[in-house]
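Below: the structure, in structure tokens.
The values are calculated or read from the model by the stated rules, or taken from the named source; none is laboratory data. Computed from a predicted model, the values in this text were never measured in an experiment. Cβ sites come from the backbone with ideal geometry, for glycine too, and all protein chains shown count toward neighbours. Heavy atoms of the whole protein, side chains included, go into the accessibility calculation; ligands, DNA and RNA do not. Shrake-Rupley method; radii C 1.70, N 1.55, O 1.52, S 1.80 Å.
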Amino acid sequence: MKAIVQSGYGAPDEVLALRDVEQPPVGHNQVLVRVAASAVAGDDWHLMRGWPWVARLATGLRRPRHPVPGREVAGQVEAVGAGVTGLRPGDQVFGWAAGALAQYAAADENALAPLPVGLTPEEAAVTPISALTALQALRDVGRTRPGDRVLVIGASGGVGSFAVQIAVALGARVTGVASAGNHDLVRSLGAERAIDYTGDDPAGHGPYEVIVDLVGVQPLRRLARALAPDGTLVMVAGSGGRVLKGTQRFLAGLVMSPFIRGRMRPLIHQDRREDLDAVISMIAAGSVRPVLSATYPLEGVVEAIRHFAAGHARGKVAITI
């Protein structure tokens, strides 16, 4: 099969190549998916370079242990393992699978769900991980309730576009932080207000019961001033150096948390099928829909990552295979 292979760490155009590789083996409880679409995200730029360096303890010190990148997938079931009971060849599915930037990918049965009615494979492929991240940030860590005032920093991005919609679906009143050119998009997703990250101080529009920080550049003390007395800052991303990247921001937030009027908590994302089912229900209800910025062919993955790195993406970028 054809697949994108990462030979080491560095700039995407230096370490990524389209190659012929063997199809992945299918385990007892696994499914082989003929991939119709996958996705790339902003963090792929950093991960290709091996940033933060501390992450290499898990991914591989000199080169990735799993050379085919990509995690989000939509496609058709090609074959199933002997222990699979809920899926069969021909089913249209989406979810997460290691090595999704390829013509075929193997996934656990519980990592896949039926393709939502009304979504194209490209729209489905950009949904699972970003939507689950947004849902867990708002519902589980932020404990968002109806009537809460929610601030989403990075509201026009891949996770942010889902966060705005999910917060509205949970009954919150949303303010989105984005560039001025993306304010119409943020409002169309349900935000009551959109403010410019280049000059507007979010603290001036608070207080907020929940702040979801998807960018990690605003000073923590400034965000603390924007919290309601019982509010929660959910730290999903963090800027920083090549060694630790956002980890030091998360640690700083945990240290500061006892001394502010609200709470600062990092999000530890989990791939959970029950959460994917919750997102599917929101899609079926019409309250959530993926924002697709652009599509690229499999051989255009490097260009797709550059598209993100240049700051052009609204929502997410799909890879058609």
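For the range 230-241, the criterion of being more than 30 Å from Leu112 (Cβ to Cβ), over 23 Å from the mean Cα position of the chain (by Cα) and either surrounded by fewer than 21 Cβ atoms within 10 Å (Cβ to Cβ) or at pLDDT 90 or above (or both) is satisfied by at least one residue. Strands (runs of 3 or more DSSP E) fully within the range 1-87 that include at least 2 residues being within 21 Å of Glu109 (Cβ to Cβ) and modelled with pLDDT of 85 or more: 30-40, 72-80. Candidates are the residues of the range 131-169 that are over 22 Å from Asp201 (Cα atoms) and in contact with an Asp or Glu (Cβ under 8 Å, 6 or more places away or on another chain); the one that is surrounded by the fewest Cβ atoms within 10 Å (Cβ to Cβ) is Arg145. For the range 92-113, the criterion of being in contact (Cβ under 8 Å) with a residue 24 or more places away in the chain, assigned to a loop (DSSP other than H, G, I, E, B) and farther than 18 Å from Gln23 by Cβ is satisfied by no residue at all.
If we scan the range 296-307, do we find a residue that is under 30 Å from Pro12 (Cβ atoms) and among the hydroxyl-bearing types (Ser, Thr, Tyr)?
Yes, the conditions are met somewhere in the range 296-307.
If you filter the range 170-179 down to residues that are among the small types (Gly, Ala, Ser) and surrounded by fewer than 24 Cβ atoms within 10 Å (Cβ to Cβ), you find that the one that is nearest to Pro219 (Cα to Cα) is Ser179. When Val152, Val168 are checked against the criterion of being assigned to a strand (DSSP E or B) and within 19 Å of the chain's Cα centre (by Cα), a single residue qualifies: Val152. A count restricted to the range 180-202 and to residues that are without any contact (Cβ under 8 Å) to a residue 24 or more places away in the chain and open to solvent by 30 Å² or more (accessible area, probe 1.4 Å) stands at 12.
Just for the range 203-225: of the residues that are assigned to a strand (DSSP E or B) and touching an Asp or Glu at 6+ places or on another chain (Cβ under 7 Å), which one is surrounded by the fewest Cβ atoms within 10 Å (Cβ to Cβ)?
Glu209
One residue stands out in the range 267-305 among those that are in contact (Cβ under 8 Å) with a residue 40 or more places away in the chain and over 20 Å from Pro128 (Cα atoms): the one that is farthest from the chain's Cα centre (by Cα), namely Glu299.
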